[in-house]
1. If you find the alpha carbon centre of the stretch 474-535 and of the stretch 246-261, how far apart are they in angstrom?
2. Return the long-range amide H neighbours of residue 354 (sequence gap of 5 or more, or a different chain), with a cut-off of under 5 Å between placed amide H atoms.
3. Could you work out how far apart the two model spin labels at residue 63 and residue 290 are, taking each label as a point 7 Å from the Cα in the direction of the beta carbon, and quote it in nm?
4. Quick one: Karplus J couplings for the stretch 202-219, per residue in order, coefficients 6.51, -1.76, 1.60, θ = phi - 60°, nearest Hz, x for Gly and Pro?
5. Please give the helix 532-542 orientation as an angle from the longest Cα principal axis of the chain, in degrees from 0 to 90, rounded to the nearest 10.
6. Across the stretch 377-451, what fraction of all alpha-carbon pairs, as a whole percent, falls in each successive 10 Å bin from zero upward?
7. Just grab the label-to-label distance for residue 273 and residue 38, each label 7 Å out from Cα along the Cβ direction, in nm (one decimal).
8. Of all DSSP beta bridges in the chain, what percent run antiparallel (nearest 5)?
Amino acid sequence: MPNILVSPTGPEMSCQSWEIEGLLRLFLNSIDPRVAESSKELIVYGGRGKAARNHKAVKAIVQELRNLATDETLLIQSGKPVGKFKTFESSPRIVNASSVLVPHWSNDENFSELIDKGLMMYGQSTAASWAYIGVQGVLQGTFETMGEIAKKHFDNTLRGKIVLTSGLGGMSAAQPLSVTMHGGVCIVVEISEDKIDQRLKNNYCDIKVYSLEEAIEVANEAVTGKKPLAIALVGNVSEIYRKALKLNFIPDIVTDQTSAHDLLMGYIPSGLNLEQAKTLRTKNRAHYYQLIKESLLLHVEAMVSFMDSGAIVFEYGNNLRQQAFQAGYKKAFTIPGFAAEYLRPLYCEGRGPCRWIALSGNPDDIYKIDEIVVEEFKHDKRVSRWIQFVQEKIYFYGLPARTCWLNYDEREKIGFLINEMVKSGELSAPIAITRDHSEGSTMAAPFRETENMLDGSDIVADWPILNAMLNASAGASMVSIQNGGGVGIGNSVHSGMTVIADGSDEASERLRKVLVVDPGMSIIRHADAGYDQAKESLNKIKTGKR
Ligand code: NAD
């Protein structure tokens, strides 16, 4: 019996078209043991983020896709196929809704109850939309954020600057690598020495130190020599940040990526090592929470003090401010959120996270596209720097993939070129073109992407719904609407889309339309909210200057 949880590769297909085969391969790729965090439990990433509700649903999805006609649309409801209808060849092959609750009842408690009853699943973001590609996705988001900080504050480079942060976990480990990529020095505090050793092994960090004094000394030497360096410091974030203030050490940039969104499991209070934390968490939860509260207060207070002393400080999408606020620290929200500060200007230009996945399974297909990307967008140094960096640092696992933040007109262009490469036989099979959900119009999330909107429209969730409907009308192969990705149930509404570039003229037409929808809507959403930069972008498009 072939392993059902591994994506097929190569030029042969088992479905009635490459469009359907492509979606099948993406689905199986997202639950592939080399890609998913726990293939057995069908957990793709991000807590309990899944691509299918249960193993029975996996089999049903595979069977439905193998039988789907080229003018039918399959309905997926929270990871389970529930029916198919005759539509048009140009309609989406799959429409997908996941984790969506009626707003008044949209909370963890109701959602967990529905999960227990087997009626729903948590789709995170790209898990339910079958577009997950492992660490590369978060790495580029972090790379772009650091790039934007460099652009906004430091003449486009972090050379000679020190970033103090924490967390070397699944996603947070992208921080030191992204800082050094922009030429900077990173001190990253991590409580788990095992995690540090793991990150040293795969070159995410350069050295390990045991004291803040040593970290400062090594960091200052690197700054003097203008050398990039990633220093992993064994310690507790709350203690280290306070000590840094006592030593009068004010880094240029301070943030944090401990798993503060899940205090019980993801944030270790000061004074405890990992083992002690585990024991106390089970034996005396109330006392444990009390210790967390004390640590959090002092930790976030220290971050505000860094800010008052001139450092650039921001929250990095881990709900740290809300947790500190709830613990009683009223100044927590004086710290800005990273999305509003650094990603919004990109959204105003229509820049966002595009990704493409080689359905052949052949890494050469991705390298050939890399060459085209570097050549076509050579005016954009950030793109070529990113491609060079990711080629050196990232190994492929599962279907080879590449993510790349591209501008308004660049996405349509690359979509067209990829389809031409498939048509001419330069690539060994079709390519799936998709994206992250964290984009200008595709994510309504008042603690992250839509925090502090100029016109106060933080909680307006019409935009991702409009985005999904428009993508379906424009010819996407799969469209999804989801709730709760990134920041938890009830805190976000978002949409996903995928198009399969199979080399046909029809695919070319679809790509031309769909790849304008996301960046175009991002600009419109921000122009509507009053951002001058977005109004300017819109004006340039209307007058044919872009
Ligand atoms: P993770 O749980 O894998 O890693 C967190 C790390 O923090 C762990 O290695 C843990 O040992 C360490 N840690 C916990 N408490 C500590 C303490 N007191 N001192 C020092 N180290 C401590 O989680 P992750 O996948 O790396 O994500 C981290 C957080 O960042 C999450 O809340 C996630 O939602 C958020 N995040 C947001 C974005 C975004 O918005 N763009 C991107 C990535 C991650």
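The values are calculated or read from the model by the stated rules, or taken from the named source; none is laboratory data. On a predicted model such as this, the values are computed, not experimentally measured, just so you know. A quick note on method: Cβ atoms are made from the backbone with ideal geometry, for glycine too, and the neighbour counts reach across all protein chains shown. Protein only, heavy atoms only, side chains kept; ligands, DNA and RNA dropped before computing areas. Shrake-Rupley method; radii C 1.70, N 1.55, O 1.52, S 1.80 Å.
1. For the stretch 474-535 versus the stretch 246-261, the Cα centre distance is 34 Å.
2. The list, which skips near neighbours in sequence, is 404, 405, 406.
3. 5.6 nm
4. In residue order, the calculated couplings are 9, 6, 6, 10, 9, 9, 10, 10, 10, 9, 5, 4, 5, 4, 5, 4, 5, 5 Hz.
5. Its long axis makes an angle of about 20 degrees.
6. Bins of 10 Å from zero give 14, 36, 39, 9, 1 percent of pairs.
7. 2.6 nm
8. If I count the DSSP bridges inside the chain, around 55 percent turn out antiparallel.
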